[in-house]
Amino acid sequence: MKKKIMLMSKPLLMWFCFFICSSSSILAQQLDSEQVKAAYIYNFIKHVSWQNENKKQQFVIGVYGDDIFADLLNKTLAKRVIRNKTIKVIAIKNIREGKNTDLLFSAANRNTEIANIAATLRRSNTLFITDNSIDKHSVMINLVNDAKNSAISFEVNKSNIVFEGLVMSAELLLLGGTELDVATLYRETELALQAIRSREARLNQKLTDQENQITSAKEKLNTLNENLTQQEKVAGKRQQELNVLKIDTEQQQHSIRTKELQLQQVATQLKVAKTNLENQQSSVDNKEQENIVMAEKISTNKDILQQQQQQISFQGVQLNKKNEELENREEHIDKQRFYLIVMAFFITLLVLISGLVVLLFVKNRQTTRTLSRTLENLKNMQKQLIQSEKMASLGTLTAGVAHEINTPLGIAVTSTSSALESTLKIRKNFETGNLTRTAMQHYFNGIEKASNLNTNALERVIELLNNFKQVAADQMVGEEREIDLVSYIEEVMSTLSAEMKRFRVSYQYSGESELKITTIPGALAQVLTNLVTNALKHAFENKAQGNIAIALTKTKDDHVVIVFKDDGHGMTQHVLDNIFEPFFTTKRNSGGTGLGMNIVYNIICQKLQGNIKIESKLEHGASFQITLPMKLKANT
């Protein structure tokens, strides 16, 4: 039962009169509530014993939340001695400093922190005194101010005092205090425990369901890993076949170059022969013209000769005619023989040239047919390698998601085991009758933390699985649909976060907060995956850490611009000029196929109907600017 100050018990009144009379610093002051609190605190120290008290040089009193009262208490008790020990009063700013005190007084303005203060002081052998606290579970001694009746009394929670290893004398309650009802506190604790048990049962059921979902997800991941292994084996065989085809192609190209040289030589010879034939034809024409002139001269001479030889006999005339005819026939025969020889030579040469041209044409046609088949095989091989690259990027996402899932699952398992262990321990104490309020408070705090950890970890697992499921489905299906580009980029980058963490690469996004476009999400996911993989393998090789940034903006002509930047090693001009060429790679000896950036270029320019530009300098990183339409055009 509480008592007014003016009706204090005789022991307290006698002690207080002695205290007032012996303190010269407060003789002239009016008796008020602060002085009564100081008197109570002094008397508490007298009636409480601490462990290892004989080793103490002085009693240390800490005041938390009221520097003015700390100053008053210091002036009041500075010269006091209890059991041959002096008293030191300090003002506490940080509650952790209170663990080093023997008595801690918490002002009324700190009553919202009583539970945390009590938890911090646990096992520190400190007497905890509060002022008008509502939390009866956490206090040891609570001063009660009744402003209406101008009375100050105190309440004692004996169980908390005993738990801290302090010994309270029986006379303490005679000073005007009351002992709290332990049965009431125990009943409230029991009700809280039942509510926690019910909540624990619901959490365990939810955990069981989530474990079943995780088991199913693991089975799907194992199946995907097996498929990925088979695809890698097929890709290895295709790579070997591709190497053989490349060697054959190089040999055929060398043979074609040899045939081209031979054909050029034959064409040169043919040109020289044609020139010679033209020269010979010109010579024949000149000689024929000369023969015509000569024939005219002979005809004229014949007329003159006929006029001069009119008197020659008829036999001579006939003989001359016969001789003349014979000469004409011989000349005609010589001309015909010459023409025949020239024509025969020309025809023979033309036949040889025609045969050689036909032979070269046939061989060239066979070579072209072989090269066409080889080119078709190379195109098929390229399609297969592109599919392998797609599966490899999906494998990278799978490995990253599996690694990311392990961490929250480990946290969930650890916190669940800890909560189960705490539950078994508190149940054992309850059955044996050793259950204390402090143990219950500690148990409640532990269960709450474990539940929060479980919930956060399992929500993270569900988020990762949903992101991976959407991105993987998009890559395999490749259908056109409307997406929020910002959210989709974040989903893809979250599935790649484990791989980036392995290379100590951080990621930042800037730009639009929401942007709806109609595109092929799977193709876009493969582009981002290839860009990140290319940066990790090339840009950040042998670097302690790195940064990747993605910026997103919308243009006025219904296009979006995605800028992918890294601060890696950068590229030379030679690499920039050939980066989109198929099979071009700077990591040939390390297993690079040279198709990553070629696939990125083809996907952006063909499937996504956009374009890509690259800027880079050595040791200044690289910037990839991708421009995409807000909506894909229909294929005609």
_Residue among 613, 543 that is outside any helix (DSSP H, G or I), among the basic types (Lys, Arg), modelled with pLDDT of 90 or more and closer than 29 Å to residue 502 by Cα_ = 613
*Determine, yes or no, whether residue 565 is in contact with a Ser or Thr (Cβ under 7 Å, 6 or more places away or on another chain) and either in the same structural domain as residue 606 (by TED's automatic domain parsing) or among the basic types (Lys, Arg) (or both).*
yes
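Residue 514 - would you say it is exposed (fewer than 14 other Cβ atoms within 10 Å of the Cβ), modelled with pLDDT of 85 or more and not hydroxyl-bearing (Ser, Thr, Tyr)?
Against the criterion (exposed (fewer than 14 other Cβ atoms within 10 Å of the Cβ), modelled with pLDDT of 85 or more and not hydroxyl-bearing (Ser, Thr, Tyr)), residue 514 qualifies.
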_Hey, residue 558 out of contact with any Cys (no Cβ under 9 Å at 6 or more places or on another chain) and at positive phi or not_ = yes
*Extreme residue, surrounded by the fewest Cβ atoms within 10 Å (Cβ to Cβ), among residues of the range 82-116 that are touching a residue at least 40 places away in the same chain (Cβ under 8 Å) and polar (S, T, N, Q)*: 109
*May I ask you to verify whether residue 169 is at pLDDT 85 or above and in the same structural domain as residue 109 (by TED's automatic domain parsing)?*
yes
*Go over the candidates 263, 245, 277, 270 one by one and state the one that is modelled with pLDDT of 75 or more and in the same structural domain as residue 325 (by TED's automatic domain parsing).*
245
_Output for the range 507-533, where each listed residue is in contact with a helix residue (DSSP H, G or I) (Cβ under 7 Å, 6 or more places away or on another chain) and of a type in the set (D, E, K, R)_ = 512, 514
*Run down 33, 106 and say which single residue is over 18 Å from residue 161 (Cβ atoms) and hydroxyl-bearing (Ser, Thr, Tyr).*
33
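The values are calculated or read from the model by the stated rules, or taken from the named source; none is laboratory data. In this text, all values refer to a predicted model and were calculated from it rather than measured experimentally. For neighbour counting, all protein chains shown are included, and Cβ atoms are generated from backbone atoms with ideal geometry for every residue, glycine included.
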